[in-house]
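I have placed the structure first, in the form of structure tokens, so that the comments after it can refer back to it.
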Amino acid sequence: MRAQGGVSMRRNAARQQKGRVSQLICVFLLLALLCAIFVLEVYRNASDIGRETARIVTYTYMDRLEGYVFREEAAFHSTNNGPVEYLVAEGSAVQSGAHLASVYVGDLGGTSQREQAAALYEEIARLERAMERDVIAWQASYLADYAEMMQHTTAGDWQIALSAGEALAETLEKRSVMISGGQEARVRIATLYAEVEELIHNVQGEYAKCYAAQDGYFTATTDGYEASFGTAAVEGLTPEKLKTLLAQPNPTAENVGKVVSGKQFYLVIPVLPDDAIGYAEGESYMVHMTRGGSTEMLLERISTAADGKEMLLIMRAERMPEGMDYARRQPVTVEKIQVRGIGVPRSALVTETNAHGLPVARYVYVVKDGRATRRNVETVLCEDGGACIVAFSVQEGHLAVGDQILITSRSMYEGKELIR
């Protein structure tokens, strides 16, 4: 009996010792887990706090506007109603007195023959452009034209998207001509010329010749405003007078084309008074034509309507920029004002407000001796993209170039210790 009792006691003692060992192991594991959680939390907090060096940045205010072109344009016309044979290509530079077109008399009445011939000549011109070069970087052109077309289609700029689509089609046609060696295109051009000859063969001696009245660039497109939108019309122009000019009749039935001066032109931009804030007479602004071409323009005058509800920005350039088209109405982007200061991420900017919800102080936190330190700022501009520009300041306690700005979604306070 005693022997059995001793064995039982020894077994109980062994079980108790195993239990204590298990408890110790659990305690150590729990401590290890707590340490791991603590370390992970520390590193998580540290990773949540980004740092960005305060640097000098420049931002340009851009205004998207739409204006009307005033320049010297000389339209040429004919009472003949038949086919028009253009002797120069669209956009060609021409000199005064140059023979630009021959206009035939239609023998079917109306302008049906003119329209048929116009379609034939357009296809001929397109094929001849496609044969100008045997080798083109068509892949790059295709991708660029396609991207531009989709971009403006998405933005709802249908006119620009259409132009990009036409350029895309022309690129593909050049590619097709390149593959075939141009033989098919040459055959098609000959066929088209034969069709044109068939249209006008009965009236060979009855055509009228049209000549350039000035040096400039030829375009077959007219809008009827050529005489009234010259550079002299800008003098004394007001919002009311612009509306009168735009409302006048502009018949183009007899117009065949025009020559546009490549020299001085004006861009007259109607704006609301709030949109005119920041513009100054006598200052120059870079203007980008949405459909092509950029130039620096002088803001010659700001004209205000009698009721003060509308204004005109009247801008002048000495030459038409390369790439600008001949449209009267031009969507443009104007580089309005450049702002220079210290760049600050918007998420790092803290704003204190008063009881009325008005901002009374703005500041950021920077790293100073391993701790968060407040630095005051004066906001100049905040973009939609999440960046802000703040003014330079030499005052003590203000943000300076080179400071390490703290960026975090977590609460920050003065003197908070940071992990180095």
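If you build the convex hull over the alpha carbons only and average its shadow over all orientations, what do you get for segment 300-343? Give it in nm² to one decimal.
Numbers: hull surface 24.2 nm².
For the Cα atoms of segment 300-343, the hull's average projected area reads 6.0 nm².
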Tell me the accessible surface of V367 in square angstrom (1.4 angstrom probe, heavy atoms of protein chains only), to the nearest ten. 40 Å²
Normalise the Debye intensity by I(0) for segment 205-300, one equal point scatterer per Cα, no solvent, then take log10 at q = 0.20, 0.24 Å⁻¹ and round to two decimals. -1.30, -1.50
For segment 219-370, state what percent of all Cα-Cα pairs lands in each successive 10 Å bin, counting from 0 Å until the bin that includes the largest distance. 9, 29, 27, 15, 11, 8, 3, 0, 0
Largest first, please: the extent of the C-alpha atoms of segment 280-420 along each principal axis, to the nearest Å. 64, 38, 27
In whole Å, what is the distance between the alpha-carbon centres of segment 296-320 and segment 73-102? 33 Å
Cut-off 10 Å between beta-carbons: net charge of the residues surrounding Y285, Lys and Arg +1, Asp and Glu -1: -3
Computed over the Cα atoms of segment 343-420, what is the convex hull's projected area averaged over all directions, in nm²? 5.9 nm²
Extreme residue, positive dipole direction of segment 273-397, given options V339, M324, A306 (C-beta unit charges): V339
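The values are calculated or read from the model by the stated rules, or taken from the named source; none is laboratory data. Just so you know, these numbers come straight off a predicted model, no measurement behind them. All Cβ positions, glycine included, derive from the backbone under ideal geometry; neighbour counts span all protein chains shown. Note: areas computed on protein heavy atoms with side chains; ligands, DNA, RNA excluded. Shrake-Rupley method; radii C 1.70, N 1.55, O 1.52, S 1.80 Å.
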